[in-house]
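**Q** I have a structure here, written as structure tokens, and I will follow up with some questions on it.
Read-outs: derived from the displayed coordinates by stated rules, not from any lab. Computed from a predicted model, the values in this text were never measured in an experiment. FYI the Cβ positions are ideal-geometry reconstructions off the backbone, even for glycines, and counts take in every protein chain you see.
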Amino acid sequence: MHIPTEPIGSIPRPLELIEAVHRGGEDSAALDAMYNEAIRDTLARFEETGSPVITDGEQRKYHNFWTYCVHGLPNTSPDGFKIPFAAGHVRRMPRLTGGPFRYMRYADSYLDVAMRHTNVALKQAVISPSALSLMYPAEGIEGYTREQFLDDLLGEHETEIRRCLDKGAHKVQIDFTEGRLAMKIDPSGELLSSFIDLNNLALNRFSAEDRQRIGVHTCPGGDRDSTHSADVDYAELLPSLFELRAGNFYIALACEKDPERVLKIISQYIKPDQRVFVGVVAPIQSEIETPELVCERVLRAAKYIPVSQLGTTDDCGFSPFCDDISTSRETAFAKIRARVQGTALAASRLGAE
């Protein structure tokens, strides 16, 4: 019996790197050596957990997981879409001020560096078209229509995923944390529906074979031990989520108040060609899960999801925003180790049944 297990992506950066970025600016050439050492150390420590799939911890993603590809664009302003968190702080998207829309960097550049330091299967997270669509202002842009913007956006997203797949990424994960947030912003469901449609326009550009290496991650958003949409009922998101034409879904579950109810909903809507990686450790909680607790969570999920379609993951990245110091690197890797060991324990128990 085998149950695949994968991380979501981000790992807390070393404190000395965060401090150096604050002092010298995140694009400073003098920081290159510190970034490279953080990547090397992250990959080495990831390997030590026994995880069969690892990431570079998103150490070099400028600013955050959401805007790494557009950070520094000259045709943007910092006063874009607001993302309020339950803890009271707010993150903001950049606002597009003119066309055309182009990425500043593609995520395959992170793979280039990571592959120099490891031979373990590497996963690469990318941001969704629906998240970046929030950059376009409601009042429009003179001489650059929303339709032109979306055409450019889809083209850039497709290019990024293809470059990652072509370079040998084990999986490409589309971060879709705005899915649950969409229902909070617009309870009618129209915004969520538009997000699903836009992301499917991108996914339709890939073959069925490619889509088995593409996944979608959803969670209530994690930052500074807080979330932006945990109060939104999963029942409002999950039926639409499984309409996305991806082969893999990474669903935060460890922090849910009623995970069994969520699993029942998943069992209703999962399609035969889709695999669900359920969250079995909670990055925003300081307590480190035991392998036995992880095992219990996997066995519970196996009651509702066929084992052939089941996998495990972390609820969220451990540090999606580069200045978040609420979780230590040591805690992150201890939780990952528990996920790996607990998943293996559950697989052995299921195999013995």
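**Q** Per-residue ellipticity at 222 nm for the chain, helices alone: DSSP H runs ≥ 4 residues times -39500 (n - 2.57), over residue total, nearest 500 deg cm²/dmol?
**A** It comes out at -12000 deg cm²/dmol, rounded to the nearest 500.
**Q** Another question, if that's okay. Can you quote the Å³ per residue value for the convex hull of the Cα atoms in segment 9-50, rounded to an integer?
**A** It is 68 Å³ per residue.
**Q** Let me ask you something else. Across all directions of projection, what mean area in square nanometres is found for the Cα convex hull of the chain?
**A** Numbers: hull surface 66.1 nm².
Its average projected convex-hull area is 16.5 nm².
**Q** Under the 0.36 nm per residue contour assumption, what length would be gained going from the current alpha-carbon distance of R23 and E236 to full extension?
**A** Details: separation 213, 0.36 × 213 = 76.68 nm, distance 4.31 nm.
Difference between extended and current length: 72.4 nm.
**Q** Moving to a separate point now. For each pair in K171/K303; K167/K303; K257/K335; K82/K167; K171/K257; K123/K271, compute the distance between the two Cα atoms and list the pairs where it is over 31 Å.
**A** K167/K303; K82/K167
**Q** Taking the alpha carbon gyration tensor of segment 205-347, what are the square roots of 5 times its eigenvalues, largest first, to the nearest whole Å?
**A** Rounded to whole Å, the semi-axes are 23, 18, 15.
**Q** How much FRET efficiency would the formula 1/(1 + (r/R0)^6) give for S286 and R349, where r is the Cβ-Cβ distance and R0 is 22 Å, rounded to 0.05?
**A** Working from the Cβ atoms, E equals 0.20.
**Q** Another question, if that's okay. In percent, how large is the relative contact order of the chain, given Cα pairs closer than 8 Å and 6 or more residues apart?
**A** Reported as a whole number, the value is 22 percent.
**Q** Continuing with the same structure: Express in nm, to one decimal, how much length is gained between R146 and M1 on full extension, taking 0.36 nm for each residue of separation and deducting their alpha carbon distance.
**A** 47.3 nm
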